[in-house]
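The values are calculated or read from the model by the stated rules, or taken from the named source; none is laboratory data. Here the structure is a predicted model, which is why all the values come from computation and not from measurement. As a convention, Cβ positions derive from the backbone with ideal geometry for all residues, glycine included, and neighbour counts pool all protein chains shown. Accessible surface areas use protein heavy atoms only, side chains included; no ligands, DNA or RNA. Shrake-Rupley method; radii C 1.70, N 1.55, O 1.52, S 1.80 Å.
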Amino acid sequence: MTDPLQSLRRCADTIYSCRSCGMCGNKMTAKVPYVCPLREATPGFDHFYARGKIVIARGLLEGALEMTSDLAEAAYGCMLCGNCMTQCGATDRATAEPLVDTVRIVEALRADLLRVHPEWVAEGYRSLLAATRQYDNPWGAPRSLREKWCKGLDLPRAPQAGCDVLLFAGCTIASTPALHERARKAVQVLRAAGINPAIMGRDEPCCASVQRRIGAADMAGDMVRANVEQLNAAGCSEIVALCAGCANMLAGDYRTAGLKARVCHIVPFLAALLEQGRLVPRNAYPHAVCYHDPCHLGRHMGIYDQPRAVLRALPGLSLVERTATRQNTLCCGAGGGMRVFESGTLSLDIAREGLASARKAGAEVMVSACPFCEINLDAAAQVLAEPMQVLDIIDLVHASVEVRG
Amino acid sequence: MDADFLTDLRAIVGDSYVVTDPVARFAYRQDASLFGGTDAAVIARPASTDEVSRVMALAFRHAVPVVVRGGGSSIYGQPPGVPGENLLLDMTRMNRILNMNPQGMTVTAEAGIIMSRLQHACNSAGFYLFVPAAPVHTVSLGGWLSGAAGGGGIWWEIISITAVLPDGTVVRTGGGPGTHVRQTEAYSRIMGGPDFTGMFIGDGGSFGVKTEVTVRLLGLPAVTRASILVFRSLDRVLDLMARHVARVSPHPFDPLLVFGPGANELFSADGSGADLFTVMALMQGHTPAETDARRDAFEAIADELGGGHTPELDALAGMMSRAPDQESEMEMFGLGFFNGLGLAAWLPFNMPRTRMAEVYPLLVQWREERIAEAGRRGFECQARFEFMAPSDQCSVTGEVDAFFKDVPSLELRAFVREMILDYQKFTHELGLLDVYNQGMMSRLNAACWSDGYRALYSTVKQAIDPKRILNRGLWLERPPEPGV
């Protein structure tokens, strides 16, 4: 008989490293106004933040707590942003890695719940998985639409000799018409630097990040194994991902599974091109801009400096920082599938807080580097009394450098 | 649980601030201790003194046992109440600063506020609270006063407490509005009547639910100087401590921290220092000249007693020193540091300073014997950490902790739990007490009470809480089986 807690049991080491001190819910410093945005946006009971979730996980493992439908709120009420891990401060003395891996624990909690009692998991999450099975795309866009964003760009299809750089658009950008222009701008900027990237077009696979985050660990594992083979066969030496979630997944799980190509998110890639002088920003952007560190890119991949270097390279732009920035950044509210949780109302509440703190810091424009952040922040910005523009770094670079159509 | 009770409870605090589902309730079955949290039937997060008052009146009418929880940072567990029947009040929603009074140099805050949030607000206004031993990012103001104020440094700074008695009556202590109907400002703790503020400090929350607290502020010292020296003998360290407290009060501006051999081993890059004591003195002042002079005076005594300097420690002292308008980024000994050392057997002590030379070696010896026993059972002790500090002129607070390599083993947790319990029994036999009036510790302390003290407590408790609904299981009741 299959162990109903097999995923949690694999995390026992990190679950038992938690001392239940509560720092993950209560810490406050001059640079950390609070740790868990979800705790702030909800009634704030312990199961809404890391300590409570880990106590629950231990209770399940020790047989002191049974799985019930109420578990779904504790399991899915989390953005997997990892701020609790950062603020916890308990690290392995030899490796300096966090001892309490809340992201791993919550993903395992979700995985066991989804496997044993899928009926208790909200329909919205199950729809994402059904769409993945049907279309290899959690957003349910058929393959024929996957390359619509690059129509007319005449991009080479990998594998093709001489194409070293593979541009990986990701499902979210490919399936969201409002983001197509963003991807086209990225291509134009790369071409301005003399790089003509290849794409996989309709054959580009889903990276499985969404599936892993919402608990479909087995499905995600199968997808990764199959995709690694496909990506290795594409023959490119570097994969440049437009989506922070894809970049994190490709650089993590895929690397472990044998992916040969280097993985880079588009923003650090652009930072390198600027540094090498292959891109020269010319047009001024005279606005105060706040950069929102996407969790995938920041806390999970450690990329903080390059996005700021890109923004500082743009003439006229003044970069402002919120109180909680870089590794202390508070999630935009869209992480970990939160836009499905409670119909996304909490996601928007959290995003509004993020925008308010940016405005307080003097920002006119909020900029990020992740489609999930942008969609959520933009949705929140539309309903502010004083709307705020939400853009991607690519938009600003594109506007500043000389590009051809 | 009675349906009418729940309906009325929801009407008072709001439907979304009451939970009864088993998963949400289970999250409160654990705190920072190995002794467990609270097995509650319902959990509520009240938002104001008025709500707490109405909730307590309701619980009193229905005779529902109530357990109060702040940050959940106790290392000895929580009051058991009546497992499975408790109403647990999670006080952390009450986290507002109610009045910052820079002219009067007081701050009034709701009792559920986490200490670091309160400290930050005070710092922003140019003041600070001296809470050297508090886990500031996890403990609430109310929890700290109830459970640990005896050794925590701020007990004397507390001017006034607003508390809700078990029947819902709201009382306010201290010289000011509590004792003078024509006074609006809390300004002195002891004017106008008995020190009932003190009655609520260290009570383990058994006399009332603290909801608001007024604290006297200290001017934020703009200048910090640190002096760090090593000694080879405990006797010399204790001599230094005696001369330091005879000269200046260690509280609040001249704290002295002594680290033992285990701590030294952790601090050093190569594991050396296991035969040393390190003394760290902090001089906090308002001008460089004043603070430098205090540092020089301290170092003269330390030199006379044979204290040694090392380049590494001098560099560390330099990093910890802060000039006006400079912010020292160094946060030493955060909880994260200890959490990373392994599963902690917290072994704290509080004793008359004059007994340190006699008792301290006994505590270390006891610990070493138990660590050897752990080794025989296959549990690896991977760190030791000793520190001591004069909490005032008369007493010394400290710890001789051991940290075990954590494995997902209930046996290890049971061993460490027993170790903590046995250590406290041992220290009580030596005549010591711990500063914490929480969970199982309160019952150990109560077992040592004199008849008169016991009678006094029982009389007060009976008068205030005749139905014994509030924080049942503290002090005099028989201890339950430990832990989740």
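Residues of segment B:97-219: accessible area per residue at 1.4 Å, in Å²?
Value returned for segment B:97-219: 34 Å² of accessible area per residue.
Grab the Cα-Cα distance for B:E429 and B:F267, subtract it from 0.36 nm times how many residues apart they are, and report the gain in nm with one decimal.
55.1 nm
Across peptide A:140-146, what mean number of C-beta atoms from other chains lies inside 10 Å of a residue's C-beta?
Mean shielding by partner chains, rounded to a whole number: 0.
Shielding of B:29-36 by partners, i.e. mean partner chain Cβ atoms within 10 Å per residue?
Mean partner-chain Cβ count within 10 Å for B:29-36: 5.
With the Cα gyration tensor of segment A:256-389 giving a ≥ b ≥ c as the square roots of its eigenvalues, does the rule (a/c under 1.5 for rounded; else a/b larger than b/c for prolate; else oblate) give rounded, prolate or oblate?
oblate
Nearest-5 percent of antiparallel DSSP beta bridges in the protein assembly as shown?
65 percent
As a quick test, which of the pairs A:K27/B:K210; A:K27/A:K53; A:K185/A:K360; A:K53/B:K210 have an alpha carbon distance above 24 angstrom in this structure?
From the list (A:K27/B:K210; A:K27/A:K53; A:K185/A:K360; A:K53/B:K210), the Cα-Cα distance tops 24 Å for A:K185/A:K360; A:K53/B:K210.
Go through B:158-171, A:369-382 and give me the packing order, highest mean Cβ count within 10 Å leading.
A:369-382, B:158-171
Using Cα-Cα distances under 8 Å and only pairs 6 or more residues apart, what relative contact order does chain A have, in percent?
Computed over chain A, the figure is 17 percent.
Report the net charge of residues surrounding A:K360, where surrounding means a beta-carbon distance below 14 angstrom and charges are Lys +1, Arg +1, Asp -1, Glu -1.
Charge balance in the 14 Å sphere: -1.
Does the protein assembly as shown come out rounded, prolate or oblate by the C-alpha gyration tensor, with a ≥ b ≥ c the root eigenvalues, rounded set by a/c under 1.5 and, if not, prolate when a/b is larger than b/c and oblate if not?
Taking the square roots of the gyration eigenvalues as a ≥ b ≥ c, the protein assembly as shown is prolate.
List, in order, the whole-Hz ³J(HN,Hα) value for each residue of segment B:420-430 obtained from phi through the Karplus relation with A = 6.51, B = -1.76, C = 1.60 and θ = phi - 60°; use x for Gly and Pro.
Result, ordered by residue: 4, 5, 5, 4, 5, 4, 4, 5, 5, 5, 7 Hz.
Got a sec? Which residues in segment B:8-42 would a label at B:D422 touch, if it sits 7 Å along Cα→Cβ and we count backbone N under 19 Å?
It comes to B:34-35, nothing else.
Any chance you could give the angle, 0 to 90 degrees and rounded to 10, that helix B:115-124 forms with the longest Cα principal axis of chain B?
70 degrees
Give the separation of the Cα centroids, segment B:140-193 to segment B:398-444, in Å.
31 Å
Tell me, rounded to the nearest percent, the portion of alpha carbon pairs in segment A:67-173 spaced more than 18 Å apart.
68 percent
Expressed as a rounded percentage, what relative contact order does chain B have, with Cα pairs under 8 Å and six or more residues apart?
Across chain B, relative contact order equals 17 percent.
What 222 nm value per residue comes from the helices of the protein assembly as shown, counting each DSSP H run with n ≥ 4 as -39,500 (n - 2.57) and dividing by all residues, nearest 500 deg cm²/dmol?
-11500 deg cm²/dmol
Along Cα→Cβ, 7 Å out, is where each label goes; now give me the distance between the ones at A:R278 and B:A246 in nm to one decimal.
With each label placed 7 Å out from Cα toward Cβ, I get 7.4 nm.
Show me B:449-457, B:232-240 ranked by packing, highest mean number of other Cβ atoms within 10 Å first.
Highest to lowest by the protection proxy: B:232-240, B:449-457.
I'd like the distance separating the alpha-carbon centroids of segment B:200-253 and segment B:1-76, in whole Å.
Each part's Cα centre sits 34 Å from the other's.
Quick one: if the Förster radius is 45 Å, what FRET efficiency do B:M199 and B:R376 give, using the C-beta to C-beta distance and rounding to 0.05?
0.45
Could you give the length gained by full extension between A:T323 and A:Q230, i.e. 0.36 nm per residue of separation minus their alpha carbon distance, to one decimal place?
Full extension of this stretch gives 29.2 nm more.
Just grab the label-to-label distance for A:R312 and B:R355, each label 7 Å out from Cα along the Cβ direction, in nm (one decimal).
5.9 nm
Between A:T95 and B:V181, what is the label-point separation in nm under the 7 Å Cα-to-beta-carbon projection?
6.8 nm
With axes computed from alpha carbons, what is the tilt in degrees of helix B:356-376 against the longest principal axis of chain B, rounded to the nearest 10 within 0 to 90?
Once rounded, one gets 80 degrees.
Counting only other chains, and only Cβ atoms inside 10 Å, what mean value do you get across the residues of A:87-95?
Per-residue shielding by partner chains comes out at 4.
Can you pull out the buried accessible area for chains A and B, both sides counted, probe 1.4 Å, rounded to the nearest 100 Å²?
It comes to approximately 3600 Å² buried between A and B.
How many angstrom separate the Cα center of segment B:78-135 from the Cα center of segment A:170-212?
50 Å
For A:S343 and B:A414, what does the FRET efficiency come to when R0 = 41 Å and r is the distance between their Cβ atoms, rounded to the nearest 0.05?
0.40
So what's the net charge close to B:L58: Lys and Arg +1, Asp and Glu -1, counting the other residues with Cβ under 14 Å from its Cβ?
-2
Run the paramagnetic zone check for B:A297: 7 angstrom along Cα to Cβ, then residues of segment B:250-275 with backbone nitrogen under 12 Å.
Inside the label zone: B:250, B:254.
If we sort A:113-120, B:300-307 on the protection proxy, mean other Cβ atoms within 10 Å, highest first, what's the order?
Top of the packing list down: A:113-120, B:300-307.
B:W449 to B:A315: extension gain in nm, 0.36 nm per residue of separation minus the Cα-Cα distance?
43.5 nm
Please give the FRET efficiency for B:D2 paired with A:K360, using the beta carbon to beta carbon distance and R0 = 56 Å, rounded to the nearest 0.05.
The pair B:D2/A:K360 has a calculated efficiency of 0.75.
If one takes the longest principal axis of the Cα atoms in chain B, at what angle in degrees, from 0 to 90 and to the nearest 10, does the Cα axis of helix B:49-62 lie?
Compared with the principal axis, the helix lies near 60 degrees.
Would segment B:97-219 count as rounded, prolate or oblate if I go by the C-alpha gyration tensor, calling it rounded below 1.5 in a/c and otherwise prolate when a/b exceeds b/c, oblate otherwise?
Judged from the Cα gyration tensor, segment B:97-219 comes out oblate (a/c at least 1.5, b/c at or above a/b).
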